Amino acid sequence: MNKILRVSVITITTALIFLAGCRTAAIYNVKGAPIDVSSKHSSKDIRKAIIRAGASLGWTMKAKKKGHILATLFLRNFVARADIRYNNKTYSITYKDSKGLGSDGESIHKNYNGWIQNLDGRIQAQLSAI
């Protein structure tokens, strides 16, 4: 009986570790995404497009300085923050910090990556519209 109990505990523990691992993934960052807008559009136009994109998805977008926006998403008990740096040719979205997403600096709850991918897609759409 002891042997069966031990095997059961080991099996359940292994399954729990596996399931916990399925909920995390490597942190997704966008690096050097091209901005394909005409030269008549200013850095201010690009900033407005990025802010519009994030706001449309529920992100709080705060312009910190020229070429830098802090994006924060409050969702249920989770908080995700990302730095968006941009110039007239490219933009990048990089993980800053989070609460409730189990980040260890290299991996994070897989939902975060989906949020960033959605943000990236919406930024591309807004930039295409200017």
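The values are calculated or read from the model by the stated rules, or taken from the named source; none is laboratory data. All figures in this text were calculated on a predicted structure; none of them were measured in a lab. So basically every Cβ, Gly included, is an ideal-geometry build from the backbone, and we count neighbours across all protein chains shown.
Within the range 112-130, restricting attention to residues that are in contact (Cβ under 8 Å) with a residue 24 or more places away in the chain and within 22 Å of T24 (Cα to Cα), which residue is surrounded by the most Cβ atoms within 10 Å (Cβ to Cβ)?
Step one: of the range 112-130, the residues in contact (Cβ under 8 Å) with a residue 24 or more places away in the chain are 112-113, 115-120, 122-130.
With within 22 Å of T24 (Cα to Cα) added as a condition, the list becomes 112-113, 115-120.
Values: Y112: 23, N113: 18, W115: 21, I116: 22, Q117: 13, N118: 14, L119: 25, D120: 18.
Only one residue tops the list, namely L119.
Only residues that are farther than 19 Å from Q117 by Cβ and in contact with a strand residue (DSSP E or B) (Cβ under 7 Å, 6 or more places away or on another chain): list them for the range 47-59, please.
R47
Please work out which one of (1) of a type outside the set (D, E, K, R); (2) outside any loop (DSSP other than H, G, I, E, B); (3) exposed (fewer than 12 other Cβ atoms within 10 Å of the Cβ); (4) modelled with pLDDT of 55 or more is the condition S39 fails and give its number.
If we test S39 against (1) of a type outside the set (D, E, K, R); (2) outside any loop (DSSP other than H, G, I, E, B); (3) exposed (fewer than 12 other Cβ atoms within 10 Å of the Cβ); (4) modelled with pLDDT of 55 or more, just (2) comes out false.
Say whether the condition of being loosely packed, with under 13 Cβ neighbours inside 10 Å and free of Cβ contacts under 8 Å to residues at least 24 places away in the same chain is met by at least one residue in the range 85-94. Give the derivation first.
Narrowing the range 85-94 to residues loosely packed, with under 13 Cβ neighbours inside 10 Å: 87, 89.
From what is left, the residues that are free of Cβ contacts under 8 Å to residues at least 24 places away in the same chain are none.
For the range 85-94, residues loosely packed, with under 13 Cβ neighbours inside 10 Å and free of Cβ contacts under 8 Å to residues at least 24 places away in the same chain: absent.
Is it true that some residue in the range 120-129 is closer than 25 Å to R23 by Cβ and at pLDDT below 95?
The first filter runs over the range 120-129 and keeps only residues closer than 25 Å to R23 by Cβ, leaving 120-122.
Still in the list and also at pLDDT below 95: none.
Looking through the range 120-129, none of the residues is closer than 25 Å to R23 by Cβ and at pLDDT below 95.
Residues of the range 95-104 being touching a residue at least 12 places away in the same chain (Cβ under 8 Å) and either farther than 22 Å from G67 by Cα or not basic (K, R) (or both), which ones?
Going residue by residue through the range 95-104, those that are touching a residue at least 12 places away in the same chain (Cβ under 8 Å) are 95-103.
Once the filter is applied, which keeps residues that are touching a residue at least 12 places away in the same chain (Cβ under 8 Å) and either farther than 22 Å from G67 by Cα or not basic (K, R) (or both), the range 95-104 yields Y95, D97, S98, K99, G100, L101, G102, S103.
Please specify each residue of the range 63-74 satisfying the condition of being free of Cβ contacts under 8 Å to residues at least 40 places away in the same chain and either more than 20 Å from L101 (Cβ to Cβ) or surrounded by 14 or more Cβ atoms within 10 Å (Cβ to Cβ) (or both).
Step one: filter the range 63-74 for residues free of Cβ contacts under 8 Å to residues at least 40 places away in the same chain, giving 63-70, 72, 74.
Within the range 63-74, A63, K64, K65, K66, G67, H68, I69, L70, T72 meet the criteria.
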